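Engineer: Attaching a single structure in structure tokens format; questions to follow.
The values are calculated or read from the model by the stated rules, or taken from the named source; none is laboratory data. Because the structure is a prediction, the values reported are computed rather than measured. Ideal geometry is used to build each Cβ from the backbone, glycine not excepted, and the neighbour counts take in all protein chains shown. What goes into the accessible areas is simple: the full protein's heavy atoms, side chains included, and nothing from ligands, DNA or RNA. Shrake-Rupley method; radii C 1.70, N 1.55, O 1.52, S 1.80 Å.
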Amino acid sequence: MKKQSQKTLWAQVVKTGIIKSNLIPMAAGLMLALYTYEYSFIDNIGNIILAFLGTTAIIAASGSFNNIYDRDIDAIMARTKSRPTVTGAISIKKVAIAASLFLVMGLILLYIASPLAALLGFLGVFFYVVPYTMWTKRYTIWNTEVGSISGAMPPLLGWAAVAPDIWHPACWALFLIMVIWQMPHFYAIAIRKEKDYAAAKIPMLPVIKGAKRTYLQSNIYLVLLVLSSFLFLPLSLGLTLVSLILGLMWLALSLFGSRKLGIEAWANKMFFFSLVHMMGVFFTVIIYASIGLILAAI
């Protein structure tokens, strides 16, 4: 087996894939806040940089702490058994030190941007590490719902880094859409990796309740996701329509695609379209806000 570089090993520890995917909704929240409050992008460039660096650091901390705590079950699952915290390629002491440094550094950077952003960053790490990783992930089928709270923090972080508060409806629209989106997304992953989760005795929904219950619950959340599109209506009809159309497409894929596909093929399609949906909605928000800021500056 080819020896992995230290850079590759640390990328697995901090979960760079999760970092990159979470920076997109963070940027959407940030840009939408600038547009909503008619703030200048240039005047806020310092806070924008701090938001990106701080968010990256606290997500890296969360991933590192998760890898430390989960190494017993990671050793059982095929997709995680080669993680450095399992193989010993990087010592647990080094990972713990790095995680702590990432957390402190991330919170300081976010605090400089906004104390509220730092508070939200801390809550995001706390919910991911304690209620999710250390508790519900191992003991209840509702672990996905609990984990979705920390997973939906990035748009709030971006918003709070440049805005005076987080009480605007558009801010909570991004948060709620992100919360709901995670359920069908992670249910699809749970079906695809059901054998892994069963071997590690992780009570994911399809492992405990079966594919039929997972399918039904996914569709309930997809209906809620479609309805959540209307939260954008006070801000923009265009954003509402994009979110609504993508949500309806995802729901249709689930309802009608399941008649022709087996459950694993259905889960693969659902997982793929979940990424299309997230990219479509949040990139549309970023583009919409960016165009608005450019036009306001002209």
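Engineer: Relative contact order (percent) for region 226-298, with alpha-carbon contacts under 8 angstrom and 6 or more residues of separation?
Structural biologist: Numbers: 39 pairs, mean separation 22.8, N = 73.
Contact order relative to length: 31 percent.
Engineer: Rounded to whole Å, give me the distance from the Cα center of region 96-132 to that of region 41-91.
Structural biologist: Here the answer is 12 Å between Cα centres.
Engineer: With a probe of 1.4 Å, find how much accessible area region 39-158 has per residue, and write the answer as a whole number in Å².
Structural biologist: On the way: 5240 Å² over 120 residues.
Heavy-atom SASA per residue in region 39-158 reads 44 Å².
Engineer: Right, next: Over the chain, what percent of the accessible surface lies on carbon and sulfur atoms, probe 1.4 Å? Mind dumping the intermediate values first?
Structural biologist: Details: 9930 of 13990 Å².
The nonpolar share, carbon plus sulfur, comes to 71 percent.
Engineer: Next question, about the same structure. If R₀ is 45 angstrom, what is the calculated FRET efficiency for the pair SER100 and LEU237, using the beta carbon separation as r and rounding to 0.05?
Structural biologist: Here the calculated transfer efficiency is 0.45.
Engineer: Another one. Treat every Asp and Glu Cβ in the chain as -1 and every Lys and Arg Cβ as +1, leave all other atoms uncharged, and give the resulting dipole magnitude about the Cα centre to the nearest 20 debye. Show your work: numbers first, answer last.
Structural biologist: Details: 23 positive and 10 negative charges, 305 e Å.
Charge dipole, the chain, about its Cα centre: 1460 debye, nearest 20.
Engineer: Would you be so kind as to identify all helices of the chain, as entire DSSP H runs, whose Cα atoms reach 27 Å or more along the helix's own axis and whose mean Kyte-Doolittle hydropathy is at least 0.5? Present the calculation step by step, with values, prior to reporting the outcome.
Structural biologist: Details: long enough: 16-36 (30 Å, 1.17); 45-69 (36 Å, 1.26); 92-113 (31 Å, 2.14); 169-192 (35 Å, 1.31); 237-257 (28 Å, 2.14); 263-297 (50 Å, 1.59).
Qualifying helices, which must be both long enough and hydrophobic enough, are 16-36, 45-69, 92-113, 169-192, 237-257, 263-297.
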